[in-house]
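Sharing a structure with you now.
The values are calculated or read from the model by the stated rules, or taken from the named source; none is laboratory data. Owing to the predicted nature of the structure, the values given are computational and were not obtained by experimental measurement. In this analysis, Cβ positions are derived from the backbone assuming ideal geometry, glycine residues included, and neighbour counts consider all displayed protein chains.
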Amino acid sequence: MSGTESLPRSTPEAQGVSSSALLEFIAAADTQIDSMNSFMLVRHGHVIAEGWWAPYAADVPHVMYSLSKSFTSTAVGLAVAEGRLSVHDPVLKFFPEQAPAQPGDNLKAMRVSDLLMMTTGHETEPRRSDEEPWTTSFLKQPVPHKPGTHFLYNTQATYMLSAIVQKVTGEKVLDYLGPRLFKPLGIANPTWGESPQGVTLGGFGLNIATEDIARFGQLYLQKGRWQGKQLVPESWVEAATARQTANGSDPESDWNQGYGYQFWRCRFGAYRGDGAHGQFCIVIPEHDAVVAITSGVRSMQAVMDLVWEKILPALQDGKLAPDAAVHGQLQKKLAALSVRMPQGAATSTLAPKVAGRTYMFPENERGISSLTVEVGYGATTLVVRGPKLGEQRIAVGHGAWKNGRTTFGSDYDARSPVLYETAVAGAGAWTGNDTFTARLCLYETPYYLTLQLQFGGDLVVLDSEYSVRFGPTKLPVLVGRAQ
């Protein structure tokens with residue numbers, strides 16, 4: 001198998017897992033978890049189950065959020081192996097020109113290992129802004145605790161690791177990992193955002209596909225070896241995934257089992273990289289298994305609990321007898337997965353009366369100035385306009401997803417005012433004679449936006465809610481009047 005080929009496929013039973021157990025997991029994930037995007041299970045190096053909730057798809061990259069941190073850790077490990085730095089190096093060594101005039105003892109004592117372990121000594125995470133370099137903001141932040149003694153999850157610490165790798169290699173982390181990690185693993189066309197200073201974000205911003213997550217987890221499961229080559233030193237894999245520092249005492253929480261070098265320890269001897277809203281690379285060494293999940297959930301622990309409840313007990317030693325019937329049911333279930341669409345009629349008696357009318361909105365923080373609903377064969381088109389938005393035309397299918405691209409809805413990150421174009425798929429229905437409900441799935445991300453349009457007389461009431469969001473999911477209700 002060359003690096004660009006897919007991971008080998010196998011039946012669950014051939015790798016010691018029953019199809020019925022996986023069917024139970026998928027059924028539970030589909031009904032109990034608020035929004036699953038994708039799932040892949042690798043056992044003994046073989047993919048034995050994989051599924052995407054439409055409109056999510058195998059070949060569509062997905063934002064990783066903090067799962068990016070584990071890749072940045074890998075870049076540090078490779079740079080260490082090449083002799084470019086040591087985990088014992090002081091952080092200030094790399095940024096003498098950006099250090100405070102009189103750095104405190106704790107800042108002077110901060111090491112690369114403290115960045116890796118999230119034990120920088122900060123009480124609060126350093127803020128980032130466009131007004132000054134992010135490294136400067138980090139080094140200006142007070143360090144009240146002795147480094148190595150206080151765990152604080154700190155995305156800017158990961159950014160500092162990215163900046164250090166760029167300093168010592170002359171390459172951005174994305175470019176540095178290209179020939180050393182991404183290409184050998186067959187991870188095609190990864191993208192990764194940058195700071196205003198042109199440094200790979202490090203702690204977030206990586207976009208890859210579900211199978212790419214699985215490949216990365218399998219590499220770590222194999223102690224850094226891939227197709228006969230040692231891509232990442234085994235010593236780094238062991239150190240990065242070991243419990244380097246304590247981070248809590250709740251035995252039932254997968255966020256209290258210790259932290260390594262940008263990897264979380266889990267219950268049951270497992271470890272993982274993870275990202276906001278439910279992006280997971282779970283490695284279970286004792287059972288030679290990797291679980292890759294993308295999702296848009298409000299409770300990440302609920303996803304982990306389901307893995308431990310349904311998948312972990314199913315990982316048996318030795319092969320199981322083939323079960324073609326149940327395996328067929330599993331394959332059918334996996335192929336039919338979909339994000340839930342609004343349920344209702346394709347039209348209503350009111351639909352012809354509102355079709356083509358333009359509703360104007362008073363000035364609002366969402367920047368929506370008008371909305372027109374166009375009704376066509378097999379789809380409804382929402383035409384949204386605004387000063388920043390321009391004109392956005394979003395097709396909404398009935399009982400099917402209609403794909404397109406838009407900047408509308410890309411403001412799901414309440415911390416950023418920037419709008420950018422993203423993939424969107426729309427599905428909707430008349431959920432009442434006077435109410436049209438549309439779900440806009442931004443399927444390169446964990447987010448979908450549900451719009452409820454209630455018509456009455458010359459008015460439309462627009463009620464909007466995100467599935468998940470950095471900030472309130474419920475948006476202010478807008479009232480528009482027909483032009």
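Would you say T445 is surrounded by 16 or more Cβ atoms within 10 Å (Cβ to Cβ), out of contact with any Cys (no Cβ under 6 Å at 6 or more places or on another chain) and within 20 Å of A351 (Cα to Cα)?
no
May I pose another question? Please enumerate the residues belonging to region 177-201 that are over 14 Å from the mean Cα position of the chain (by Cα) and either in a loop (DSSP other than H, G, I, E, B) or assigned by TED's automatic domain parsing to the domain that holds M36 (or both).
Correct list: G186, I187, A188, N189, S195, P196, Q197, G198, V199, L201.
State whether one or more residues within region 263-282 are over 21 Å from N37 (Cα atoms), out of contact with any strand residue (DSSP E or B) (no Cβ under 8 Å at 6 or more places or on another chain) and surrounded by fewer than 18 Cβ atoms within 10 Å (Cβ to Cβ).
yes
This table checks each residue for (1) within 26 Å of T241 (Cα to Cα); (2) not acidic (D, E).
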{"site": "T74", "(1), (2)": "yes, yes"}
{"site": "V87", "(1), (2)": "yes, yes"}
{"site": "E97", "(1), (2)": "no, no"}
{"site": "P100", "(1), (2)": "no, yes"}
{"site": "D105", "(1), (2)": "no, no"}
{"site": "A109", "(1), (2)": "yes, yes"}
{"site": "D114", "(1), (2)": "yes, no"}
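Follow-up question, since we're still on this one. Any chance you could count how many residues in region 140-159 are aliphatic (A, V, I, L, M), crowded, with 20+ Cβ neighbours inside 10 Å and either farther than 25 Å from L219 by Cα or over 23 Å from the mean Cα position of the chain (by Cα) (or both)?
1
Can I ask one more? Cβ-Cβ distance below 8 Å, separation of 6 or more or different chains: which pairs start in region 312-338 with a residue that is closer than 14 Å to F25 by Cβ and end on one that is among the β-branched types (V, I, T) and part of a helix (DSSP H, G or I)?
Cβ pairs passing all conditions: L330/I26; K333/I26; L334/I26; L337/I26.
Going by the structure shown, is P476 more than 16 Å from N403 (Cα to Cα), under 28 Å from the mean Cα position of the chain (by Cα), outside any strand (DSSP E or B) and touching a residue at least 60 places away in the same chain (Cβ under 8 Å)?
yes
Rundown of residues vs (1) at pLDDT 95 or above; (2) in contact with a Pro (Cβ under 8 Å, 6 or more places away or on another chain); (3) of a type outside the set (A, V, I, L, M); (4) farther than 28 Å from A345 by Cβ, yes/no style:
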site: A395; (1), (2), (3), (4): yes, no, no, no
site: T406; (1), (2), (3), (4): yes, no, yes, no
site: P417; (1), (2), (3), (4): no, no, yes, yes
site: A425; (1), (2), (3), (4): yes, yes, no, no
site: T450; (1), (2), (3), (4): yes, yes, yes, no
site: S467; (1), (2), (3), (4): yes, yes, yes, no
site: R481; (1), (2), (3), (4): yes, no, yes, no
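Could you tell me which of the residues A427, A414, A395, A423 is closer than 20 Å to I208 by Cβ and small (G, A, S)?
Every option except A423 fails the conditions.
Residue-wise test of (1) at pLDDT 95 or above; (2) assigned to a strand (DSSP E or B).
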| site | (1), (2) |
| --- | --- |
| S6 | no, no |
| A14 | yes, no |
| V17 | yes, no |
| A21 | yes, no |
| I26 | yes, no |
| N37 | yes, yes |
| I48 | yes, yes |
| G51 | yes, yes |
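Among the listed residues V91, V87, V42, V63, which satisfies the condition of being crowded, with 23+ Cβ neighbours inside 10 Å and over 27 Å from the mean Cα position of the chain (by Cα)?
The unique qualifying residue is V91.
Is there a residue being charged (D, E, K, R), assigned by TED's automatic domain parsing to the domain that holds D34, touching a helix residue (DSSP H, G or I) at 6+ places or on another chain (Cβ under 8 Å) and surrounded by fewer than 23 Cβ atoms within 10 Å (Cβ to Cβ) anywhere in region 286-305?
Yes, region 286-305 contains at least one residue that is charged (D, E, K, R), assigned by TED's automatic domain parsing to the domain that holds D34, touching a helix residue (DSSP H, G or I) at 6+ places or on another chain (Cβ under 8 Å) and surrounded by fewer than 23 Cβ atoms within 10 Å (Cβ to Cβ).
Follow-up. With respect to E82, is the statement that it is surrounded by fewer than 17 Cβ atoms within 10 Å (Cβ to Cβ) and closer than 30 Å to V418 by Cα true?
No; evaluated as a whole, the condition is false for this residue.
Does S235 satisfy being part of a loop (DSSP other than H, G, I, E, B) and either crowded, with 21+ Cβ neighbours inside 10 Å or at pLDDT 95 or above (or both)?
Spelling it out, it is not the case that S235 is part of a loop (DSSP other than H, G, I, E, B) and either crowded, with 21+ Cβ neighbours inside 10 Å or at pLDDT 95 or above (or both).
Do we have E132 as without any contact (Cβ under 8 Å) to a residue 12 or more places away in the chain and either in contact with a His (Cβ under 7 Å, 6 or more places away or on another chain) or closer than 20 Å to P196 by Cβ (or both) here?
In short, yes.
Let me ask something additional. If I ask for residues that are over 14 Å from Y271 (Cα atoms) and either outside any strand (DSSP E or B) or not charged (D, E, K, R) (or both), which ones from region 214-232 would you list?
Once the filter is applied, which keeps residues that are over 14 Å from Y271 (Cα atoms) and either outside any strand (DSSP E or B) or not charged (D, E, K, R) (or both), region 214-232 yields R215, G224, W226, Q227, G228, Q230, L231, V232.
I'm checking my understanding of the structure. Among residues of region 394-428 that are polar (S, T, N, Q) and either in contact (Cβ under 8 Å) with a residue 40 or more places away in the chain or part of a loop (DSSP other than H, G, I, E, B) (or both), which one is farthest from S195 (Cα to Cα)?
Once the filter is applied, the top-ranked residue is N403.
Would you mind stating whether S410 is at pLDDT 90 or above, of a type in the set (S, T, Y) and under 16 Å from L451 (Cα atoms)?
no
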